[in-house]
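A.B. asks: For reference, the structure I am asking about is given below.
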Amino acid sequence: MNIQEAKEEITRTYRAYQKKNPDGSLRIPLEKQRPVLLIGPPGIGKTAIMKQIADETGCGLLAYSMTHHTRQSAIGLPFISEKEYGGKKYSVTEYTMSEIVASIYDYMRETGKKSGILFLDEINCVSETLTPVMLQLLQNKTFGNVPLPEGWIIVSAGNPPEYNKSVRELDMVTLDRVKNMEISADVGVWQEYARKNGIHPAVRTYLSLYPDHFYNITNTDRGQLFVTARGWEDLSCVLASYEEDGEEVDSSFFLQYLQHDEIARSFAVYYDLYRHFTNQRSEDIPTSPADRDGISGGTSENASVFENLLKMSPERLAVLSQTECLAVAAILFHSIQLDARERSAVLSRLRRLEELAGMIPSSCSFAAEQDRNEFFSRKRNALDIRVKHGIVKPDEEFFEKAVLTRLENDAVAWAKERRLAGNGPDPSSGIPFRDYESGRIAAERSETEKHSLDLTARVEEAYRILEQCPQGAGALMYLTTDLSGDPDTAALLTGREIPVYLKYCAELLSQE
């Protein structure tokens, strides 16, 4: 199965293991709740899907790499206690609570989450002394003599022996006690993930051209040459940062992430091509381009990149190769995507501002500083509690705080305007704060809609550019797939009549 199918199956497993009968007993008894075992190549995304499952289900997640653990940390340290048997006292060896089990209880106390996933990575690379401990864990859900808390399931992961010399083959006794899933690399699934998570367009388009370069391991007399999904994603992050700083890169840089000489050189050539179209040369731009005011929209540098491509002569477009067309399609989409993402962020902020403004009690005038302080103090305290219990992710926390700050600043500005107008603190005089804020939101929403119209015009122009390229058929399908697959551009296009986009959507559906 691929990594997406594995994610869906683990989610189903987690939910099934949480179900209870009317009397409160588990629908699937603990002894029948097989731990999940994921076996697949390194860097394929096994750890990443665990974080996604936790985010989507709201369950807890604790992750450990078992290669870092000893027998003592896994089952606890021995100590001598005194017990009485048959009227005589004996010294007996007992064990402290396992560090791993203790960390689950700490996590539950800190987050308030009573159920979750204990993710044990590299489980088939443990030392000989830990092997019996792992078997006991898989069999009885206990570390040492302490069981896992009810509601927590075990998901373990490992690599096949051909990828890791430290791997120990799991025997039939162990495999007969787990829910065994073998994972393979799937570039199509990864491309879907890449679209949603902003992987560099040069990486995504290159892998559209060379899907067999996505996950590649070649044995040579110099050892293994390899490229993994993790390598592509890490390369994407660094590339974006280098581009922001204007840093130049060469093939030796790509070899640091793509540890396969041939693939690294191939991507280096493609990336140079991609950068060529991003930084259009003057000879590619006609001396008297047609006036295109109102088409570009946006304020980012990507808008000017889009404009440069727009000004390429028909003669230059006519001789672009299939590879060059794909690079152009990636740049056109990236330009639209970034501005669409900005538009979506503005709309999200405006929606949250409307919600918060609607929560302001009619008795709260906001003209008095005390009223404002009490309202925003309550909201921030409520947010802190949600953050503490893991209900709000870090990026959502930042967003919520930014919206609260914006609303508070607006309230202060409104109160100042009232004082300057001579209305004084009387809440019955002048325009109410909620009406004041609604007016500001409506004005911003109107500006955002204008920007949306500019963006949709850019979508039409992107198709027009690629339609002038005789080799652009694949690039047109790539552009259509990306526009539909990206949440921000899809939201932009929903409900808008763009004939050329709808035409290629229909063609894409018929091909699928």
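A.B. asks: Would you mention how many residues in the range 482-495 are in contact with a Leu (Cβ under 9 Å, 6 or more places away or on another chain) and without any contact (Cβ under 8 Å) to a residue 60 or more places away in the chain?
C.D. replies: 3
A.B. asks: Keeping to the range 288-343, report how many residues are at pLDDT below 85, buried (at least 20 other Cβ atoms within 10 Å of the Cβ) and β-branched (Val, Ile, Thr).
C.D. replies: 1
A.B. asks: Mind listing just one residue for me: the one in the range 241-251 that is modelled with pLDDT under 85 and assigned to a helix (DSSP H, G or I) and, of those, farthest from Val203 (Cα to Cα)?
C.D. replies: The qualifying residue farthest from Val203 (Cα to Cα) is Glu244.
A.B. asks: I'd like the residue in the range 137-191 that is modelled with pLDDT of 80 or more and of a type in the set (D, E, K, R) and, out of all such residues, is nearest to Lys46 (Cα to Cα).
C.D. replies: Glu182
A.B. asks: If I ask for residues that are surrounded by fewer than 19 Cβ atoms within 10 Å (Cβ to Cβ) and assigned to a helix (DSSP H, G or I), which ones from the range 462-475 would you list?
C.D. replies: Within the range 462-475, Arg464, Glu467, Ala473, Gly474 qualify.
A.B. asks: Look at Thr278 and say whether it is over 25 Å from Phe333 (Cα atoms), at pLDDT below 80, crowded, with 17+ Cβ neighbours inside 10 Å and more than 19 Å from the chain's Cα centre (by Cα).
C.D. replies: no
A.B. asks: Look at the range 436-472 and say how many of its residues are within 28 Å of Cys325 (Cβ to Cβ) and among the basic types (Lys, Arg).
C.D. replies: Number satisfying all stated conditions: 2.
A.B. asks: Considering only residues that are of a type in the set (A, V, I, L, M, F, W, C) and in a helix (DSSP H, G or I), which ones fall in the range 1-48?
C.D. replies: Ile3, Ala6, Ile10, Ala16, Leu30, Ala48
A.B. asks: Got a number for residues in the range 209-235 being surrounded by fewer than 20 Cβ atoms within 10 Å (Cβ to Cβ), touching a residue at least 24 places away in the same chain (Cβ under 8 Å) and among the hydroxyl-bearing types (Ser, Thr, Tyr)?
C.D. replies: 2
A.B. asks: Have a look at Ala185, Ala202 and point out the one that is outside any loop (DSSP other than H, G, I, E, B), surrounded by 19 or more Cβ atoms within 10 Å (Cβ to Cβ) and of a type in the set (A, V, I, L, M). Quick ask: steps written out before the conclusion?
C.D. replies: On the way: Ala185 fails: outside any loop (DSSP other than H, G, I, E, B).
Result of the check over Ala185, Ala202: Ala202.
A.B. asks: Among the residues in the range 361-373, are any among the aromatic types (Phe, Trp, Tyr) and closer than 30 Å to Ile431 by Cα? Reasoning before the result, please.
C.D. replies: At the first step, the residues of the range 361-373 found to be among the aromatic types (Phe, Trp, Tyr) are 366.
From the residues that got through so far, the ones that are closer than 30 Å to Ile431 by Cα too are 366.
Checked the range 361-373: at least one residue is among the aromatic types (Phe, Trp, Tyr) and closer than 30 Å to Ile431 by Cα.
A.B. asks: Just to be sure before I move on: is Gln370 surrounded by fewer than 18 Cβ atoms within 10 Å (Cβ to Cβ), in a helix (DSSP H, G or I) and either of a type in the set (S, T, N, Q) or more than 28 Å from the chain's Cα centre (by Cα) (or both) in the structure I sent?
C.D. replies: yes
A.B. asks: Condition check: exposed (fewer than 12 other Cβ atoms within 10 Å of the Cβ), of a type outside the set (Ser, Thr, Tyr) and closer than 28 Å to Ser484 by Cα. Does Asp395 satisfy that?
C.D. replies: yes
The values are calculated or read from the model by the stated rules, or taken from the named source; none is laboratory data. Not measured: the values here are computed from a predicted model. As a convention, Cβ positions derive from the backbone with ideal geometry for all residues, glycine included, and neighbour counts pool all protein chains shown.
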